[in-house]
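Chemist: Below is the structure I would like to discuss, written out as structure tokens.
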Amino acid sequence: MEDEQSFSDICGGRLALQRRYYSPSCREFCLSCPRLSLRSLTAVTCTVWLAAYGLFTLCENSMILSAAIFITLLGLLGYLHFVKIDQETLLIIDSLGIQMTSSYASGKESTTFIEMGKVKDVVINEAIYMQKVIYYLCILLKDPVEPHGISQVVPVFQSTKPRLDCLIEVYRSCQEILAHQKAASASP
Amino acid sequence: MKRRAHKERRGRRTRSLLGCSSCLGCWERGPSPHGMVVKAFFPTCCASADSGLLVGRWVPEQSSAVVLAVVHFPFIPIQVKELLAQVHQAGRVGLAVLGTWCHRRQEAEERLGPFLEGLGAIFSHEPWLQLCRERTSGLWSCKATRQQGPTRPGVKDQVMLVFYDQRQVLLSQLHPPAALPDRQAGDATASAEGLAAVFDTVARSEALFRSDCFDEGPVRLSHWQSEGVEASILAELAKRASGPVCLLLACLLSLISAARTCRVFKLRPLSFIWSKLSVCGQLGHRLEQLALVFSTQKAESPAQLMRKANVLVSVLLDVALGLALLSWLHGKDRIGQLAEALVPVADHVAEALQHLLQWLMGAPAGLKMNRALDQVLGRFFLYHLHLWISYVHLLSPFIEHILWHVGLSACLGLTVALSTLSDIIALLTFHIYCFYVYGARLYCLKICGLSSLWRLFRGKKWNVLRQRVDSCSYDLDQLFIGTLLFTVLLFLLPTTALYYLVFTLLRLLVVAVQGLIHLLVDLVNSLPLYSLGLRLCRPYRLAAGVKFRVLEHEAGRPLRLLMQINPLPYGRVVHAYRLPSCGCHPTHSWGSLCRKLFFGELIYPWRQRGDKQD
């Protein structure tokens, strides 16, 4: 069962939330950011090349121009492979765990899986981010030493940063599944 | 869509629970109170195997069944139980028959159904899994039945299928390794937490994978070996040859180590030179590493095996780079060019130093120095420099031969060549080191004198017994002399301090250059190249964890997931497997370094572990 809705992130950009309900115990949430725009790419390239041309007229060394081309290419590749995140996915499977995947613009995917035994709860927290107060969804991990303590807070959707309305949707679905899990683990 | 009929059975089974295909009804109504979710870890290689029995391990804490192999018909139940007992003996992992596997062509093979269900009576297991796949459409269906199930009626056991690649899971190592309790005799529990239990189970059941469905054994199994046993002739030959080769090389290395520890090298001048040259340190380090690699003992743990492999690859790369450097040096008479360029460079450096001393003897940077002390120190250093230049000129005819022979040491490795270069730099700048030592000693003496006389000025003294400052009453003549000396030392301080500063900066420059070379040597020494290569070419071998992917899902069919290995990031690979380096790291922090410089104590940046303090 698939469902798509559009929300906005904390800066006002548009986000698309795709929800897939595979089964009552397995749900996936996929947030997509807007792609790299041609306008910003052209602007950056033109700035860099104009600066390089300016330096060239000062120094009369053609190495500067080739260096500028090289830097632009490498910079673009590096940006696409290491910085620009296209999609962030949260997959929650009852009795297995929670998986977070970030897909970069170059196709690289980085995945983290947290086992259900380590998850204490999923909550929405507030944070002060520069001059704003934002909400973010995070997973609380159990402390192996202290049964009621929290060892780590893992934030989810760090790059896409959706607003509260989107977070509430995801939060509700996660809590349904976690309630299942708690009921199942409570009964012998 | 197929619908299963409710079945009521008499006899041993009191009731059976509904299978997943009829879960559609409850799903449409919304989430209902389901029973336990049973996770079945199924190897991808068995998805195309013929019908048979499922053999594996049941982990009750996570209600998951790890299926390891499929036993095909015909079989004798006693023999199956014997095989499982053997595997239990070998790997201390409690395997059992978990259920039945049915891979059928069409609906017509109904006769297999009751037969499979009857098997549940022979191999009783709680819960009893029944996995089924249709050959034509590839649709899956599963059931998990319990004899003594939950007493609430209408509660169903859901089955979730998790596919895993058995070969990859068998060969991979989790980082950090799951800490298991010590295996005790007869104790079959492997209590690894969470998904590490799956890895652990597969790793311990190696005895099960020895025979497969194509062997003529009593029991025919299907597992990852059925896809084709991989072997390489070169690898097998290398394994056979490695025994005698290791023995030979171990004997050779022990001979060399014995020669090294013989009495000749314990004599004072040789042992002193030995400890100061970094080449010797590097050679010793390499010898130790080679002894580790070629030792005749088998590696106890995977970490040790990785270390041996890393050391071997590092040594091979080192030697390869060294030989490349050697061929470059000895071609086109580069050694001759280098030797010709060396003496003029040394002359040039000496001239620059002379200019510097002349500048210090005048009014450096507008500061007014004490004329007499200035002249004394300046002339002393100039004479020292003159001696050094004569010495270098004396050596100049032999330099080419020395360089040629020293260049041959590059065949032992690039690190040895770099260490030799560092030593040559140290020898050529020996006069700077001497100047630094003289300046530092003078300055240190002056500072000690000043601090002691300052205490006298205030009427205190240093109590050596109690290691503290005590008050003391001095006589008048003691105070008089002390004050005089204090003023003399104080007004001579700027001159000495300036010489000390200049020579310390020069020394630090040389130390920085040597430091860079040592850093490079450390890099080649400690980089785990084999682990990085493994991470590049076989990423599943080094696992940071797992990741799941939801496979095509149809309504009414069980949820199917694919479990893949999440490889370790490169940074963590380097961190986990880096080799221990020579140990030539600076032993003091920036704070203590500044303190030593201020008080004029000599600094020795390359203090080896186990060296006595000078």
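The values are calculated or read from the model by the stated rules, or taken from the named source; none is laboratory data. What you are looking at is a predicted structure, and each value in this text was computed from that prediction instead of being measured. Quick reminder, even Gly has a Cβ in these numbers, built from the backbone with ideal geometry, and neighbours come from all protein chains shown. When the accessible area is computed, the model is the full protein with side chains, heavy atoms only, and any ligands, DNA or RNA have been set aside. Shrake-Rupley method; radii C 1.70, N 1.55, O 1.52, S 1.80 Å.
Chemist: Do we find that B:Lys308 is surrounded by 11 or more Cβ atoms within 10 Å (Cβ to Cβ), over 30 Å from B:Ile78 (Cβ atoms) and not aliphatic (A, V, I, L, M) in this structure?
Modeler: Criteria met by B:Lys308.
Chemist: When you check B:Ala324 against the structure, is it over 18 Å from B:Leu506 (Cβ atoms), modelled with pLDDT of 90 or more and open to solvent by 50 Å² or more (accessible area, probe 1.4 Å), yes or no?
Modeler: yes
Chemist: Continuing with the same structure: Determine whether the range A:87-110 contains at least one residue that is more than 14 Å from chain B (Cβ to nearest Cβ), crowded, with 17+ Cβ neighbours inside 10 Å, at pLDDT 90 or above and touching a Ser or Thr at 6+ places or on another chain (Cβ under 6 Å).
Modeler: Yes: the range A:87-110 contains one or more residues that are more than 14 Å from chain B (Cβ to nearest Cβ), crowded, with 17+ Cβ neighbours inside 10 Å, at pLDDT 90 or above and touching a Ser or Thr at 6+ places or on another chain (Cβ under 6 Å).
Chemist: Also, quick follow-up: Go through the range B:23-59 and give me each residue that's at pLDDT 85 or above and within 14 Å of chain A (Cβ to nearest Cβ).
Modeler: Within the range B:23-59, B:Val38, B:Lys39, B:Ala40, B:Phe41, B:Val59 meet the criteria.
Chemist: Let me spell it out: the conditions are (1) more than 46 Å from the chain's Cα centre (by Cα); (2) assigned to a helix (DSSP H, G or I); (3) surrounded by 13 or more Cβ atoms within 10 Å (Cβ to Cβ), and B:Phe491 meets all of them except one. Which number is the exception?
Modeler: (3)
Chemist: Quick check, is B:Ser473 open to solvent by 90 Å² or more (accessible area, probe 1.4 Å), free of Cβ contacts under 8 Å to residues at least 24 places away in the same chain and among the hydroxyl-bearing types (Ser, Thr, Tyr)?
Modeler: Answer is yes for this residue.
Chemist: Keeping to the range B:273-290, report how many residues are open to solvent by 50 Å² or more (accessible area, probe 1.4 Å) and either closer than 16 Å to B:Leu520 by Cα or of a type in the set (A, V, I, L, M, F, W, C) (or both).
Modeler: 4
Chemist: Could you check how many residues of the range A:1-23 are within 29 Å of A:Ala127 (Cα to Cα), in contact with a helix residue (DSSP H, G or I) (Cβ under 9 Å, 6 or more places away or on another chain) and not acidic (Asp, Glu)?
Modeler: 6
Chemist: Shifting gears a bit: Those residues that are over 14 Å from the mean Cα position of the chain (by Cα) and surrounded by fewer than 16 Cβ atoms within 10 Å (Cβ to Cβ), I need them from the range A:19-44; list them, please.
Modeler: Passing the criteria: A:Tyr21, A:Leu36, A:Ser37, A:Leu38, A:Arg39, A:Ser40, A:Leu41, A:Thr42, A:Ala43, A:Val44.
Chemist: Suppose we filter B:Leu479, B:Leu532 for residues that are closer than 30 Å to A:Phe113 by Cβ, open to solvent by less than 80 Å² (accessible area, probe 1.4 Å) and of a type outside the set (D, E, K, R); which single one remains?
Modeler: B:Leu532
Chemist: Now, a different point. Among the residues that make up the range A:123-133, is at least one of them more than 12 Å from chain B (Cβ to nearest Cβ), in a strand (DSSP E or B) and surrounded by 17 or more Cβ atoms within 10 Å (Cβ to Cβ)?
Modeler: Within the range A:123-133, not a single residue is more than 12 Å from chain B (Cβ to nearest Cβ), in a strand (DSSP E or B) and surrounded by 17 or more Cβ atoms within 10 Å (Cβ to Cβ).
Chemist: Filter the range A:1-18 for residues that are within 14 Å of chain B (Cβ to nearest Cβ) and either surrounded by 14 or more Cβ atoms within 10 Å (Cβ to Cβ) or touching a residue at least 60 places away in the same chain (Cβ under 8 Å) (or both) and give the result.
Modeler: If the condition is that a residue be within 14 Å of chain B (Cβ to nearest Cβ) and either surrounded by 14 or more Cβ atoms within 10 Å (Cβ to Cβ) or touching a residue at least 60 places away in the same chain (Cβ under 8 Å) (or both), then A:Gln18 is the only one that fits.
Chemist: For the range B:59-72, which positions are in contact with a strand residue (DSSP E or B) (Cβ under 6 Å, 6 or more places away or on another chain) and surrounded by fewer than 19 Cβ atoms within 10 Å (Cβ to Cβ)?
Modeler: The answer is B:Ser63, B:His72.
Chemist: Kindly indicate whether any position in the range A:148-167 is more than 14 Å from chain B (Cβ to nearest Cβ), basic (Lys, Arg) and on the phi < 0 side of the Ramachandran plot.
Modeler: Checked the range A:148-167: at least one residue is more than 14 Å from chain B (Cβ to nearest Cβ), basic (Lys, Arg) and on the phi < 0 side of the Ramachandran plot.
Chemist: Here is a follow-up. Looking at (1) part of a loop (DSSP other than H, G, I, E, B); (2) within 14 Å of chain B (Cβ to nearest Cβ), which one does A:Leu141 not meet, given that it meets all the others?
Modeler: Only one criterion is unmet by A:Leu141, namely (1).
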